[in-house]
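The values are calculated or read from the model by the stated rules, or taken from the named source; none is laboratory data. The shown structure was predicted, so the numbers you read here are calculated from the model rather than taken from an experiment. For neighbour counting, all protein chains shown are included, and Cβ atoms are generated from backbone atoms with ideal geometry for every residue, glycine included. Calculation scope for accessible area: heavy atoms of the full protein, side chains included, ligands and nucleic acids excluded. Shrake-Rupley method; radii C 1.70, N 1.55, O 1.52, S 1.80 Å.
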Amino acid sequence: MTGYHLGEALGHTPHELVGSGKQEKIFYTHMWETILSNQPWHGEVINKRKNGQLYYESLQITPVSDDHGNITHFIAIKEDISDRKRAEEEMEHLAFYDPLTDLPNRRLLMDRIERAIVSAKRYQTFGAIFFLDLDYFKRINDELGHDVGDLLLQDMARRLQNSLRQGDSIARLGGDEFVILLEDLGDTKTFATQYMKALAQKVQDAFIDPFIYNEKSYSLSISLGGILFTGTQDAKIILKNADSALYEAKQTGRHKSCFYNENT
């Protein structure tokens, strides 16, 4: 498990051989307090093999005492659980991320929107939501096949990510539907509106360059619906209104950005 032979291990403490530095000092303090009080301890540890590779270990330590109750030895039962931990991490990732684009999915997006609303309420700031999709995606998908359609969606995800600020969120809801979440757009509606519209144009401009496949060029464009929000609004209503703005962009000729006006 560790990569060390018996001769290499004799004379060394386990920490000297396999300590990874990934656990905080308080972790080992608690462990030693438990076993020195003659109580068994069980936990999970990140250790390091001789070759430097990290691995997860399930560790159970039981003190062994003499007839007078003095601890003479510790028996440690160890199991390499790296495969199990990787599988757990993959399952958790799949629960919150889209497998095709590796973007957040609807579940994670809703959580982020809820937190953004709380933040907007606390700091009296504006945020924005963009609902967008690719114009005539079905036509391209049918013409080139679903495998190429998947490549197109991955290219779309990259272009969208490259258009955003660090800290902005983008999620894929399914098909060619994407949502962008912008936070902390300042505390004045005029500035927030200007920024939202400027970024919408930047996102549109990201699709000026064609999609290249098998040395052929395919022109891309998106339709986008945007909406500002504050800390007083409901996440589902915000998304519904952004979707209404997207529908308006589609109805007025596609390759457009429309913005929801709560007064209309």
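Key figures for this structure:
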{"quantity": "Heavy-atom accessible area order for 138, 85, largest first, 1.4 Å probe", "calculated": "138, 85"}
{"quantity": "Fluctuation leader among 93, 42, 73 - the chain, Gaussian network, Cα springs under 10 angstrom", "calculated": "73"}
{"quantity": "Computed FRET value (nearest 0.05) for residue 38 with residue 58, which takes r as the C-beta separation and R₀ as 22 Å", "calculated": "0.50"}
{"quantity": "Dipole of the chain, positive direction: furthest Cα of 211, 237, 23, with charges on the beta-carbon", "calculated": "237"}
{"quantity": "Length added when fully stretched, residue 214-residue 114, from 0.36 nm per residue minus Cα-Cα", "calculated": "31.7 nm"}
{"quantity": "Distance between modelled label sites at residue 90 and residue 26, nm, 7 Å Cα→Cβ extension", "calculated": "3.4"}
{"quantity": "Alpha-carbon centroid distance for the pair the stretch 181-215 / the stretch 12-35, whole angstrom", "calculated": "49"}
{"quantity": "Gaussian network model of the chain, springs between alpha carbon atoms under 10 Å - residue of 92, 33, 177 with greatest fluctuation", "calculated": "33"}
{"quantity": "Per-pair calculated FRET efficiency, R0 = 51 Å: residue 75 and residue 107 via Cβ, rounded to 0.05", "calculated": "0.70"}
{"quantity": "Partners for residue 250 among lysines (Cα-Cα distance below 18 Å; same-chain residues under 8 apart left out)", "calculated": "138, 197, 240"}
{"quantity": "Reach of residue 85 by Cα under 29 Å, taken over lysines that are not fewer than 8 positions away in the same chain", "calculated": "22, 25, 48, 50"}
{"quantity": "Options (1) 60; (2) 56; (3) 48 - which one matches percent of Cα pairs over 25 Å apart as calculated here", "calculated": "(1)"}
